[in-house]
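Heads up, the thing below is written out as structure tokens.
The values are calculated or read from the model by the stated rules, or taken from the named source; none is laboratory data. Note that the structure is predicted; figures quoted are calculated from it, not measured. With ideal geometry, Cβ positions are generated from the backbone for all residues, glycine too; neighbour counts draw on all protein chains shown. Side chains are part of the model used for accessible areas, which takes the heavy atoms of the whole protein and leaves out ligands, DNA and RNA. Shrake-Rupley method; radii C 1.70, N 1.55, O 1.52, S 1.80 Å.
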Amino acid sequence: LGPRVGSGTVPFDLSGGGLGGASFGATLNMDTLVAVTGDANIACPDDGTADKIGFIMNNLSGANIDGKVEEVRQRLLSASSASTSGGGANANGTYFPWFARYLVTKRVSIEPNFHSLYLALIEKLGEKMLYTE
């Protein structure tokens, strides 16, 4: 078995930019995910919007996914349009790149039982940006 999530060990050698001695399918931990993703010039929404997105994700289920998809979309788009004049949003005026990183680092990586639900959310959002970021 590979390292456990949050075990503090990094299965990849990040200093050389390669995979080091990691085997195929090695488990990534949070330190590795954060180190690889970094900030990468991704605009982040204000704390209130990020908290609301987190609350929506905490209450996401198969029964309410359609409504939650629209809530997530509206939060990401309205937050970015409110801060576009201040330079907070990215060039496309959305926080979808931030949401993609949030899903991977804070949800998908530590909640394997919900992978199909998160995939359904991404598919229902239908934002091409989520597939490219």
message = Spelling out what I want: for every residue of region 105-122, take phi, set θ = phi - 60°, compute 6.51 cos²θ - 1.76 cosθ + 1.60 (Karplus), and round to whole Hz; glycine and proline get x.
response = 7, 9, 10, 4, 5, 10, 10, x, 5, 10, 4, 5, 5, 5, 5, 4, 4, 4
query = What nm distance separates the two modelled labels at residue 58 and residue 114, each placed 7 Å from Cα along Cα→Cβ?
reply = 1.0 nm
query = Residue by residue through region 48-55, which ³J(HN,Hα) values in whole Hz follow from phi under the Karplus form 6.51 cos²θ - 1.76 cosθ + 1.60 (θ = phi - 60°), with glycine and proline marked x?
reply = x, 5, 4, 5, 5, 5, x, 5
message = Between residue 70 and residue 124, what is 0.36 nm times their sequence separation minus the Cα-Cα distance? Round to one decimal in nm.
response = 18.5 nm
key: Protein-only accessible surface order, largest first, of 95, 131, 102 at 1.4 Å   = 131, 102, 95
message = Please report the accessible area of residue 65 (heavy atoms, 1.4 Å probe, ligands and nucleic acids excluded) in Å², nearest 10.
response = 10 Å²
